[in-house]
1. Output the relative contact order of the chain, whole-number percent, from Cα pairs under 8 angstrom with separation of 6+ residues.
2. At a 10 angstrom cut-off on C-beta neighbours, averaged per residue, how do the peptides 164-172, 321-329, 112-120 rank from highest to lowest?
3. With N set to the residue count of the chain, report its C-alpha Rg divided by 2.2 N^0.38 Å to two decimal places.
4. Using the Cα atoms of the stretch 100-225 to build a convex hull, what is its mean projected area in square nanometres?
5. Measure nothing but the geometry: give the 0 to 90° angle between the long axis through the Cα atoms of 101-114 and the longest principal axis through the Cα atoms of the chain, rounded to 10°.
6. Using a 10 Å cut-off on Cβ atoms, rank the peptides 63-74, 232-243, 94-105 from the highest mean neighbour count down.
7. Can you give the percent of C-alpha pairs in the stretch 1-98 whose distance is more than 21 Å?
8. Relative to the longest principal Cα axis of the chain, at what angle does helix 280-291 sit, 0 to 90 degrees, rounded to 10?
Amino acid sequence: MAIRWGIAATGGIAAAVAGDFVHVPGAELVAVGSRSAQRAEAFAAAHGIPRAHGSYADLVADPEVDALYVATPHPQHHAIALAALREGKALLVEKAFTATLAGAEEVVAEARSRQLFVMEAMWTRFVPAIVRLRELVAEGAIGEVFSVQADLGLMRDFDPSHRLFAAELGGGALLDLGVYVVSFAQMLLGRPAVEHVVGALEPNGVDASATLLLGWDAGRSATLTCSLHSPLPGGARVFGSEGWIDVPPRFHHPGGLVLHRGEDEEGEALDLPLVGRGYAHELIEVTEGVQAGRTESAVMPLDDTLAVMGILERAGTALGITRAEDPAVLAPAA
Ligand SMILES: NC(=O)c1ccc[n+]([C@@H]2O[C@H](COP(=O)([O-])OP(=O)(O)OC[C@H]3O[C@@H](n4cnc5c(N)ncnc54)[C@H](OP(=O)(O)O)[C@@H]3O)[C@@H](O)[C@H]2O)c1
């Protein structure tokens, strides 16, 4: 059975992901929605999509869409996701899953009560290099994991009108970049027992940068940094009792790994290329999951999304940040 997909939004990531559908067996991209009929039609024409909807309400009500990819800014995920679930759609929701932990909990509760497949679009977990990294760790290639380091940064000038900085669009380093480093550590070590954060704020109060120290029992730890004002290369390292794995920049979509067994400084380079731009892997996970009648991904389960959202929210709160979801996104733009 082919899964008929719709895309909610016409921005940068919507266009990038749309191009990877050709690599997904059993998926048909059939609809796009936007706050503007004109933008929906232009996006549909550019990507060969048959139906264009001039509001997100019309898109979620389209009876010929089985699964929706939500690619609006973070505070605009929650209302679209809830409305789509109420129309019986499966969902792939961009990272950060929502703007708030309460919003994420509401979406997860709705999905579970309706037994519909929902997954956060944490594409990193599905790319071949990270799949292999998890296998190597499970095989004991580096012994017991006791520490994770990861960084991810951008060198941008402050612009309060841009999605990365605008409070009403979920701006800030934590939700855009911190979500990757936290999700990476959570994937390997689970929910931390200890959470510390230091960070800096922009003039409008959103977070410019943050460094988290997360702790688990037996001294296991993660040190994670994200910034909108530093070209942090996006490296990650997983240290074990018998070796370590380097994930070369940018670790959120790597094309390989370097495995160091014991004290071997040179290591073994593993070439593990991406399919398409790297988004095909997560699209395959959802398409196959819906076809198989599953309600969650075992690789990116909803409990992991909630754990990550909790860490990000508590870090934001500690830095003095309050966030909100945007219910107005379902109305057509003026
Ligand atoms: N996985 C990745 O590699 C990756 C990369 C970049 C971004 N992302 C995630 O994808 C999401 C979107 O990021 P993006 O870079 O694509 O953003 P973007 O280029 O600014 O596009 C966002 C789109 O969302 C729609 N939208 C709905 N309500 C909006 C509002 N109130 N204000 C502005 N736009 C609104 C707009 O489409 P219409 O005007 O047509 O409604 C807009 O084109 C974010 O959650 C981000 O974290 C993921």
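1. Working: 779 pairs, mean separation 72.4, N = 334.
Taking the mean separation of contacting Cα pairs over the length of the chain, I get 22 percent.
2. Details: 164-172: 22.4, 321-329: 17.7, 112-120: 19.3.
Those peptides, ordered most packed to least, come out 164-172, 112-120, 321-329.
3. Dividing the Cα radius of gyration by 2.2 N^0.38 Å gives 0.97.
4. For the stretch 100-225, the mean projected area of the Cα convex hull comes to 9.8 nm².
5. Between the helix axis and the principal axis of the chain, the angle is about 60 degrees.
6. Those peptides, ordered most packed to least, come out 94-105, 63-74, 232-243.
7. Roughly 21 percent, once rounded to a whole number.
8. The two axes meet at around 60 degrees.
Computed from the coordinates by the stated procedures, all read-outs in this text should not be read as laboratory data. Since the structure is predicted, the reported quantities are computational estimates derived from the model, not experimental observations. FYI the Cβ positions are ideal-geometry reconstructions off the backbone, even for glycines, and counts take in every protein chain you see.
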